[in-house]
Structures are given as C-alpha cells and as structure tokens.
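Peer 1: If you scroll down you'll find the structure; I have some questions about it.
The values are calculated or read from the model by the stated rules, or taken from the named source; none is laboratory data. This one's a predicted model, so the numbers in the text were calculated from it and none came from an experiment. Positions of Cβ are generated from backbone atoms using ideal geometry, with glycine treated the same way; all protein chains shown enter the neighbour counts.
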Amino acid sequence: MLETKQKLEWATITSRRDLSDDLWVIRVRPQERLLFKPGQYVALGVEVEGKVIERPFSIASAPHEEEAEFFLELVHGGGLTPHLHARHIGDKLYMRRQAKGLFTLDTASPHKKHFLAATVTGVAPYVSIIRHAAEQARQGHNIDCEFVVMQGASRPWEFAYQEEFEELARQVSWLRYYPTVSRPWEDLSWSGEVGRIEDVLRKYLDLLNYEPFNATTYLCGHPEMILNCKGILARRGFPKESIREEVYWVPKKGEHQDQTSPSAQSEI
C-alpha cells in the first residue's frame, strides 16, 4: 500500500446535491467520525493511476454531525476535482484522519460581533460555524454574540445554503444573511443585493454598527475579494488581528478571474 494511503482512510459518499454543472455538495461517512473545530479543513483524495491525489477542503458540517459535508467546485483541467465530480452516492474517496486550519472563530478578543464574508464555496467554513452555534443554542446554551454572513456569487443558483441560512435567521436574533450577486441580468427574478462583496461591504458594516472595537471580520474564498476587502477594512480602521482570512488559491502572476466566481480551494 502506498505510504500516502496509510495516512488516509476510506469515506463513503452518502448524498450528493448538484447546484449547477460545476458546483455540488456531498456528504461522506468516514470510518470514524472526523474530529475538528468549526472553520477547519481536511484533505480529500482519490487514486489515479496508482497515485493518490489530494487537496484540502473546508468542512461545511458541524462537529456534532456524524457525516462530513463539503461544498465543491469543478475546476476543468484540475488534477482532483474532475475525479471527485465523477463520483456519486455509494462511491468511496480518501479522507485524512486529521483536520487542520486556524480559520476558526475568534474567542481570544472580547468582540461579540463576527462579520463572515465569502465567495461561493468559501461559505463552507461559515456553514460549520453557524451550524455549531445553532446546535449549542438547541442544547440550551446562550449565544452571546452575533453573526453576519455575506456571500458573493455571480448567479443566484450558486448559493447552496441560502434557504438554510435564511430559515435560521428568521428563528434567531444572532444571525443575519446577505447574499449578493454580480450578474443579476442572468436571473431577472433576483431581488436581493447586487454587486460584489467589496461593493457592499462598507454599507453593511456601517448599517449594522460593526466597528473595529467590537467586531472581528473573516474573509474566505477568492484572493482578489480578500485583497480588496482587506483594504476596505484597513481604511475603516480594522487592525490586522481583527481581519482573518482563508485564501482558496494563489493566483498566478498576471492572472485575473471574476472576483465572484466559485472559490477553488480544491486546486491550490
């Protein structure tokens, strides 16, 4: 057996939900429940011609869930995602036994406000964070902080968790969800926020009173969105320690992509 395999274990795909030709959500059942903190990631892999190819993916499920959930994007010509996209319910893939990552909720500062901004699949760690908070609330714990989730996408159908977030936001006072699209002309029924995240970020910081002295901000997904939003936050007065980031890939020199295209952590 390959040395790489010895650090991996089989996980079985138990469900799959396709949003489009290149976006889908899967749930997998590992041999042993994955232990992790909300916001962390774990490597998934497949064997291709005798070699295991693996990449890190943010975990969308919460720690109390028996299965692990992932929001994935197909990168055409990528080394891994085309193989993952070809797998369906009942198929197996490799998953690392240990989750990693520091993109977790800020509990060190006294901040009670958390602004979570993401491009498409970059919302995955926030799903985990919010589901964990909701589970804590169901168990009777007091949620003494508040969350704003802002998700940017090119088109409305790229919001895999819109209904879940909006339903929860109707039930609790500690969550607000704001999806925003950059190509509203592709779905004339869209009546929500319009523009890239960096177009509307300052608006909602001001509207909801998210200030450097009371809030921590989080940026996840497209590197250009993160770079632009970091500049906006810095000009707004947010110090570096109050701006957390998870970059899903490092663009090649001179490369430019649509800032609200799906995040591609899978092909780092």
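Peer 1: Looking at (1) touching a residue at least 60 places away in the same chain (Cβ under 8 Å); (2) more than 23 Å from Glu163 (Cβ to Cβ), which one does Glu224 not meet, given that it meets all the others?
Peer 2: (1)
Peer 1: Quick check on Glu66: is it of a type outside the set (A, V, I, L, M) and either in a strand (DSSP E or B) or in contact (Cβ under 8 Å) with a residue 60 or more places away in the chain (or both)?
Peer 2: Working: of a type outside the set (A, V, I, L, M): yes; either in a strand (DSSP E or B) or in contact (Cβ under 8 Å) with a residue 60 or more places away in the chain (or both): no.
No.
Peer 1: Taking the stated definitions as given, is Tyr218 under 18 Å from Tyr126 (Cα atoms), of a type in the set (Phe, Trp, Tyr) and either surrounded by fewer than 14 Cβ atoms within 10 Å (Cβ to Cβ) or in contact with a Lys or Arg (Cβ under 6 Å, 6 or more places away or on another chain) (or both)? Let's see the steps before the verdict.
Peer 2: Working: under 18 Å from Tyr126 (Cα atoms): yes; of a type in the set (Phe, Trp, Tyr): yes; either surrounded by fewer than 14 Cβ atoms within 10 Å (Cβ to Cβ) or in contact with a Lys or Arg (Cβ under 6 Å, 6 or more places away or on another chain) (or both): yes.
Against the criterion (under 18 Å from Tyr126 (Cα atoms), of a type in the set (Phe, Trp, Tyr) and either surrounded by fewer than 14 Cβ atoms within 10 Å (Cβ to Cβ) or in contact with a Lys or Arg (Cβ under 6 Å, 6 or more places away or on another chain) (or both)), Tyr218 qualifies.
Peer 1: Next up: Right, Glu135: more than 14 Å from Arg176 (Cβ to Cβ), more than 14 Å from the chain's Cα centre (by Cα) and of a type outside the set (Val, Ile, Thr) or not?
Peer 2: Numbers: more than 14 Å from Arg176 (Cβ to Cβ): yes; more than 14 Å from the chain's Cα centre (by Cα): yes; of a type outside the set (Val, Ile, Thr): yes.
Yes; evaluated as a whole, the condition is true for this residue.
Peer 1: Can you find even one residue in segment 79-91 that is outside the structural domain of Ser154 (by TED's automatic domain parsing), buried (at least 20 other Cβ atoms within 10 Å of the Cβ) and more than 26 Å from Gln162 (Cβ to Cβ)?
Peer 2: Yes.
Peer 1: Looking at (1) farther than 30 Å from Asn142 by Cα; (2) loosely packed, with under 13 Cβ neighbours inside 10 Å, which is the one condition that is false for Gln98?
Peer 2: (1)
Peer 1: Examine segment 90-97 for a residue that is part of a helix (DSSP H, G or I) and among the acidic types (Asp, Glu), and state whether such a residue exists. Don't jump to the end; show me each part of the working.
Peer 2: Within segment 90-97, the first condition is being part of a helix (DSSP H, G or I), and the residues that meet it are none.
No, every residue in segment 90-97 fails to be part of a helix (DSSP H, G or I) and among the acidic types (Asp, Glu).
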